[in-house]
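Taking it in order: structure first as structure tokens, then the write-up.
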Amino acid sequence: MEPIRISYFSDALCVWAYIAQVRLDELATNFQDQISIEYHFVSIFGNAREKLENRWREKGGLKGYRNHVQDVAKKFNHIHVHPEIWVEVTPESSMSCHLFLHAIRLLELKGIVPASDKRFEKATWTVRERFFTQLANVSERTVQFEIAEELGLPIAAIQAQIDSGEAYAQLSKDFDLVREQNVSVSPTLIFNEGRQRLNGNVGYRVIEANIRELLHNPPEEQSWC
């Protein structure tokens, strides 16, 4: 049986995607070859500073958003968030992160780095963790390359994927998928060729139930319910 394909859309600067990473890890452990997760990015924080200052102007601006993120984080004991998140350091755009991460993914697809090492996934997690716990300005290329170096990734090869336009092309494909699938929330999981989706802060058991339903009732064997 072919693995169930899951399209996973997230923004690198989204606290809900930071929280949800542990659920993805659990899925990979429990279902292994039964699922295939395809990672995509949705640009919720593409214009981060201006968006937050405008939307939170009446609620304290960036400090108000910081308080909101802190309140969210307090509900989950598996993550840590710096007390001055979004205030002391405000990344300009998550799109820079997404471009960098797509370049790493291209290195895996081309066999320049072994896909079995899962360094794309490690880099994605590290970008999030560095921002939320250490206030690293992960929208800056110098910070991204520091992360790449720590993960043993070839910086020149990453830069080549960006310079050639290939990483931009992958990011553009994400933009197209976001429009086609009408994705507006981070994270979003889409199953069953778009017929099932889970948006936002969805618990692990709910995600697991959707996968088990597809495993036991594949699309060609429609359930009566």
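Read the figures in this text as sums done on the coordinates, not as results from a lab. Because the structure is a prediction, the values reported are computed rather than measured. Note: ideal-geometry Cβ built from the backbone for every residue, glycine included; neighbour counts use all protein chains shown.
If the limit is 31 Å between Cα atoms, which of Lys51/Lys110; Lys74/Lys118; Lys51/Lys122; Lys51/Lys173 go over it? Check vs 31 Å cut-off fails for Lys51/Lys110.
The structure-derived value of Cα extents along the principal axes in Å appears in the list (i) 50, 38, 32; (ii) 55, 38, 29; (iii) 53, 43, 32 under the label (iii).
Put in line by how crowded their Cβ is, counting other Cβ atoms within 10 Å and starting with the fewest, His98, His78, His40, His68 read His78, His68, His40, His98.
For Gly60, the shell of other residues with beta-carbons less than 13 Å away shows a net charge of +2, using +1 for Lys and Arg and -1 for Asp and Glu.
Taking 0.36 nm per residue of sequence separation and removing the Cα-Cα distance, the Gln32/Glu92 pair yields an extension gain of 18.0 nm. For Phe76 and Glu150, what does the FRET efficiency come to when R0 = 25 Å and r is the distance between their Cβ atoms, rounded to the nearest 0.05? That gives a FRET efficiency of 0.45. Were the residues from Asn217 through Glu193 laid out at 0.36 nm apart, the gain over their Cα-Cα distance would be 7.2 nm.
Note on Arg205 and Asn54: the model spin-label points, each 7 Å out from Cα along the C-beta direction, lie 4.1 nm apart.
Taking 0.36 nm per residue of sequence separation and removing the Cα-Cα distance, the Gln134/Asp176 pair yields an extension gain of 11.9 nm.
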